[in-house]
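Encoded as structure tokens, the structure appears first; notes follow it.
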Amino acid sequence: MISETARRLRENIQKVIVGKDEVIDLTLAAVLCEGHLLLEDVPGIGKTTLARCLAASLGCGFRRIQFTPDLLPSDVTGLNWFNQKKQEFEFRPGPVMSQIVLADEINRATPRTQSALLEAMQERQVTIDGVTHRLPRPFLVMATQNPVELEGTFPLPEAQIDRFLMRIQIGYPDEAEENAILERFRIADPLPDLQAVASAEEIMQLQQERKQIRVEASVQNYIVQVARATRKHPEIELGASPRATLSLYQASQAWAGIQGREYVLPDDVKALAPHVLTHRLMISPQAQLRGRQPEELVASIVDTVAVPVEN
């Protein structure tokens, strides 16, 4: 059952990550949807630790790519190199050929290197010199970027941002949580001792179960209406794509499953809409001058669109 496995994973990750239940559940929802996560927050919040905890808890392979301006696409995907001893070319896989990939500070790499992830994120494969290599399953890209640092960065193009299922922010801990962090890490880092509580095969089975979670026609139409409202809003220049609509549908299913339900409620859609839609929207210049934020606009849309009620 999805909720039982989610509980085990949450409790295991919380042996390292203090608090942040919602962030952990959102991360698990992305795993159930075979989606990708954009972690946008200041340094030192625990973005890398969260990715490593997830990989350890799932027993999955983990690779970290530090994106820099001099990083090449082949440094991400791999390359064919000539083995002089054998007198033939051999494929050397890159770090993207793993199950959980952390793309650290993704906006520091050039657009050419950023685009090396596009095929991997969408088709779960990489093509090198005309040969296609399938990626292992499950496959999840967790990319990080610092929202306050602009010097020496290359903003992600809209086509790549749209491939991230959700954008989440971990946020600063409160006073009690920060004291708990000091106590927990006082002697040693608990991460190396973290044991797997699920397997890749179990997660792939739960991904299939997630697809069976029921979405009534009225709730499905509610999801469509929320997405369409972003395209008609006078302060939004570029609204949510059909991929965003599908992402909101799938994320709502996963969220319902994590909560222990076999059906989606409108409240699930409301809870997921800010995380699924805000990073995909392009605000008009006039709205930006007025200081409007995507989060505000999505909140107003969710409040405006009529919520389906039970007959």
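The values are calculated or read from the model by the stated rules, or taken from the named source; none is laboratory data. Keep in mind the model is a prediction, meaning the values are calculated, not measured. Reconstructed Cβ throughout: ideal geometry from the backbone, glycine too, with neighbour counts over all protein chains shown.
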message = Can you say whether T153 is polar (S, T, N, Q) and surrounded by 15 or more Cβ atoms within 10 Å (Cβ to Cβ), as far as the supplied structure shows?
response = yes
task = Determine if the range 137-146 includes at least one residue that is exposed (fewer than 12 other Cβ atoms within 10 Å of the Cβ) and in the same structural domain as P93 (by TED's automatic domain parsing).
result = no
key: Meets criteria (surrounded by 15 or more Cβ atoms within 10 Å (Cβ to Cβ) and in contact with a strand residue (DSSP E or B) (Cβ under 9 Å, 6 or more places away or on another chain)) for I168   = yes
remark   = Given the conditions (1) over 22 Å from L28 (Cα atoms); (2) without any contact (Cβ under 8 Å) to a residue 40 or more places away in the chain; (3) hydroxyl-bearing (S, T, Y), every one holds for S241 apart from (2)
task = Quick one: which residue in V307, V302, V197 is in a loop (DSSP other than H, G, I, E, B), in contact with a Pro (Cβ under 9 Å, 6 or more places away or on another chain), aliphatic (A, V, I, L, M) and surrounded by fewer than 20 Cβ atoms within 10 Å (Cβ to Cβ)?
result = V307
ask   = Could you say which residue among Q250, Q220, Q207 is assigned to a helix (DSSP H, G or I), surrounded by 16 or more Cβ atoms within 10 Å (Cβ to Cβ), in contact with a Cys (Cβ under 7 Å, 6 or more places away or on another chain) and not basic (K, R)?
value = Q250
query = Condition test on H133, is it out of contact with any Phe, Trp or Tyr (no Cβ under 6 Å at 6 or more places or on another chain), of a type outside the set (G, A, S) and surrounded by fewer than 18 Cβ atoms within 10 Å (Cβ to Cβ)?
reply = yes
task = Look at the range 43-88 and say how many of its residues are touching a residue at least 40 places away in the same chain (Cβ under 8 Å) and either closer than 19 Å to I24 by Cβ or assigned to a strand (DSSP E or B) (or both).
result = 21
inquiry  = Take the conditions in the same structural domain as G130 (by TED's automatic domain parsing), modelled with pLDDT under 90 and surrounded by fewer than 21 Cβ atoms within 10 Å (Cβ to Cβ) and apply them to D21. Does it pass?
reply    = yes
message = Out of the residues in the range 278-299 meeting the condition of being β-branched (V, I, T) and part of a helix (DSSP H, G or I), tell me which one is surrounded by the most Cβ atoms within 10 Å (Cβ to Cβ).
response = V298
task = Return the total of residues in the range 213-235 being under 21 Å from the mean Cα position of the chain (by Cα) and within 15 Å of Q253 (Cβ to Cβ).
result = 2
message = It is to be established whether one or more residues within the range 271-280 are at pLDDT below 95, in contact with a Lys or Arg (Cβ under 6 Å, 6 or more places away or on another chain), farther than 26 Å from Q145 by Cβ and not hydrophobic (A, V, I, L, M, F, W, C).
response = no
key: Some residue of the range 29-36 being of a type in the set (D, E, K, R), assigned by TED's automatic domain parsing to the domain that holds Q122 and part of a helix (DSSP H, G or I)   = no
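Results for (1) within 19 Å of Q212 (Cα to Cα); (2) in contact with a strand residue (DSSP E or B) (Cβ under 7 Å, 6 or more places away or on another chain); (3) at pLDDT 90 or above; (4) of a type outside the set (F, W, Y), shown as yes or no for each residue.
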site	(1), (2), (3), (4)
Q250	yes, no, yes, yes
Y263	yes, yes, yes, no
R292	no, yes, no, yes
A306	no, no, no, yes
V309	no, no, no, yes
